[in-house]
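*Asks:* Structure in structure tokens, see below.
Readers should treat all values here as calculations from the given coordinates under stated rules, not as data from a laboratory. Keep in mind that this is a model prediction, so the values were computed, not measured. FYI the Cβ positions are ideal-geometry reconstructions off the backbone, even for glycines, and counts take in every protein chain you see.
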Amino acid sequence: MVIRVRIGGLEVARSPEVLETLLGSCVAIMLYDKGKKIGGMAHSVLPEAKNEKVTDPGKYVNTAIPALITKLAVNGARTNKLIAKLAGGANMFKTSKNSINVGEKNVETAKRLLKQYNIPLVGEDTGGNRSRIVRFYLKTGDVEVRKGGETIII
């Protein structure tokens, strides 16, 4: 069954489920325990929440990663065995040189936090200027990324 992860959402499931989302400048953060075949995906819109009272932790990179780790642990994943993959973070709109590229900032924040939590980043398809459809196969840990006419596996 395909579980769609909504914008700002966060989902955790186990094999044989598939987690799917559509991205632009947002970033999909995927954490996976290969041995238990349990994984989670957050569809993060912005790098950081302005305050600690967040009702939708998947919306922000800095709240999505700890929330994913907690939810995965509650569902039986071993937090010391987690690996990570990232997709998205495109620069969807032409901006001036002085403006902030939200997609790039989302990816930078995710990488910094993954390093902080000692979760190895083992695959990514980030940046560019095209939207992506992302499917995370919990049976194998493979992530299929479709952008334009191209499909890659990370």
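*Asks:* For residue 15 and residue 108, what does the FRET efficiency come to when R0 = 30 Å and r is the distance between their Cβ atoms, rounded to the nearest 0.05? Can you show the working numbers first?
*Replies:* Working: r = 31 Å, r/R0 = 1.03.
Here the calculated transfer efficiency is 0.45.
*Asks:* First select every other residue whose beta carbon is under 12 angstrom from the beta carbon of residue 120; then total the charges, Lys and Arg +1, Asp and Glu -1.
*Replies:* Within the 12 Å Cβ shell, the charges total +4.
*Asks:* Taking a 25 Å limit on the Cα-Cα distance, which of the listed pairs 37/111; 36/147; 34/115; 81/115; 59/111 fall beyond it?
*Replies:* In this structure, 36/147 lie more than 25 Å apart at Cα.
*Asks:* Here's a follow-up. So what is the calculated 222 nm ellipticity per residue for the chain, using -39500 (n - 2.57) for each DSSP H run with n of 4 or more, over all residues, to the nearest 500 deg cm²/dmol?
*Replies:* Rounded to the nearest 500, it is -6000 deg cm²/dmol.
*Asks:* For residue 36 and residue 55, calculate 0.36 nm times their separation in residues minus their Cα-Cα distance, and state this gained length in nm to one decimal. Please list the in-between numbers first.
*Replies:* Numbers: separation 19, 0.36 × 19 = 6.84 nm, distance 2.85 nm.
Full extension from residue 36 to residue 55 adds 4.0 nm.
*Asks:* Would you work out the relative contact order for the chain, in percent, from Cα pairs under 8 angstrom that are 6 or more residues apart? Let's see the in-between values first.
*Replies:* On the way: 398 pairs, mean separation 42.3, N = 154.
With pairs under 8 Å counted, the relative contact order is 27 percent.
*Asks:* Bin width 10 Å, alpha-carbon pairs only: give the P(r) of the chain as whole percents, running from 0 to the bin holding the largest distance.
*Replies:* The distribution over the chain is 13, 45, 34, 7, 1, given as percents.
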